[in-house]
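See structure below.
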Amino acid sequence: MFQRLILFLIITIFLFSCSKEDAIIYKPVEKTDPYVLYNEGLKAFEKNDFFFANKKFSEAELSFQSVELAAKSAIMSSFSLYGINFYEQALENLNRFLKTYPSDKNVIYAHYLISIIYFEQISDEKKDLDPLLKANEKIDFFLKKYPNTDYAIDLRFKKDLIQNQLAAKELFVAKYYVSTQKWVPAIKRLKIIIEDYDKTIFVEEALHRLVEIHYHLGLELEAKKYAKILGYNYNSGDWFKQSYKILNREYDINNEKTINLIKKKEKNLFDKIIEMIR
């Protein structure tokens with residue numbers, strides 16, 4: 001028993017001495033100066049190295065004690081993600097920015113950048129409609145809340161492009177319905193264009209297609225109604241000439257002599273449409 005106690009004490013002393021010799025002393029790592037991190041990010045940003053810039057701006061945001069500088073780092077990080085087309089990550093970062101720094105001076109820019117990201121994801125009218133609708137919604141929000149900013153000028157222009165794109169989508173679907181002889185949904189889509197997207201370049205064709213469909217269905221009064229609208233607003237356009245040809249089979253669109261003879265008459269094309277309606 002005594003020998004076992006001696007052996008236990010020897011082993012304990014040995015282990016204790018080894019643990020002291022091999023002990024790892026923890027030394028806290030000094031935090032990198034956030035200004036250094038930010039400047040590193042800025043240098044990378046200026047060289048279009050957006051991936052590295054995002055990394056440094058993110059680190060700077062976490063290191064800054066100043067809320068203003070942390071917010072500035074966050075918005076720069078978001079723009080860096082946008083710069084490498086990491087749209088989902090950029091949107092996530094921007095939405096976090098808006099929740100974390102709601103009073104920051106760059107909030108307006110954050111909303112603008114969100115609008116731009118949605119806008120840049122828009123493809124042609126035959127593909128996904130979701131980015132179009134989101135871009136339209138976000139731009140509407142921005143124009144309503146910040147109508148007098150410099151960013152609003154750019155977004156108003158993009159709003160017009162989106163309206164044309166949405167109208168193009170409706171026209172594409174309407175033509176598909178026409179090709180399958182589904183007249184009711186085709187008419188519905190065309191009416192959406194003339195009611196909701198009346199300032200777009202697709203209104204003329206939509207009106208002509210309504211003339212065409214209604215005449216084909218034997219609804220001549222309806223056809224003439226849309227021809228009247230087309231003639232009143234676009235009586236010198238090619239689509240009006242196409243509609244006039246439908247209602248006047250003897251009219252030759254490509255015959256300059258026919259066109260000149262019509263011009264010499266006392267009444268123009270629009271007056272003739274009015275006369276037919278009465």
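The values are calculated or read from the model by the stated rules, or taken from the named source; none is laboratory data. In this text, all values refer to a predicted model and were calculated from it rather than measured experimentally. Neighbour counts are summed over all protein chains in view; Cβ atoms, including those assigned to glycine, are modelled from backbone coordinates with ideal geometry.
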Next item on the list: Please give the number of the condition LEU247 fails out of (1) more than 19 Å from PHE172 (Cα to Cα); (2) at pLDDT 90 or above; (3) aliphatic (A, V, I, L, M).
Entry: (2)
Checklist line | Tally, over the range 227-249, of residues that are of a type in the set (Phe, Trp, Tyr) and either touching a residue at least 60 places away in the same chain (Cβ under 8 Å) or within 20 Å of HIS216 (Cβ to Cβ) (or both) | finding: 3
Margin query: Looking at the range 227-243, can you tell me whether even one residue there is basic (Lys, Arg) and more than 30 Å from TYR87 (Cβ to Cβ)?
Written below: yes
Notebook entry, point to check: Mind checking which residues of the range 158-213 are part of a loop (DSSP other than H, G, I, E, B) and surrounded by 15 or more Cβ atoms within 10 Å (Cβ to Cβ)?
Noted result: TYR197, THR200, PHE202
Checklist line | Members of the range 87-104 found to be touching a residue at least 12 places away in the same chain (Cβ under 8 Å) and either buried (at least 20 other Cβ atoms within 10 Å of the Cβ) or assigned to a loop (DSSP other than H, G, I, E, B) (or both), listed by number | finding: ALA90, ASN93, LEU94, PHE97, TYR101, ASP104
Note to self: Name the single residue that is modelled with the lowest pLDDT among those in the range 127-140 being more than 16 Å from GLN163 (Cβ to Cβ) and under 13 Å from the mean Cα position of the chain (by Cα).
What the structure shows: ASP128
Next item on the list: Scan GLU59, GLU68 and give me the residue that is in a helix (DSSP H, G or I), in contact with a Leu (Cβ under 6 Å, 6 or more places away or on another chain) and farther than 30 Å from ASN164 by Cβ.
Entry: GLU59
Check: So which residues in the range 55-78 are over 29 Å from the mean Cα position of the chain (by Cα) and surrounded by 22 or more Cβ atoms within 10 Å (Cβ to Cβ)?
Finding: ALA60
Next item on the list: Go through (1) modelled with pLDDT under 95; (2) of a type in the set (S, T, N, Q); (3) outside any loop (DSSP other than H, G, I, E, B) and name the single condition THR32 misses.
Entry: (3)
Check: Can you tell me which residue in the range 32-54 is nearest to TYR82 (Cα to Cα), limited to those that are surrounded by 21 or more Cβ atoms within 10 Å (Cβ to Cβ) and of a type in the set (A, V, I, L, M)?
Finding: ALA53
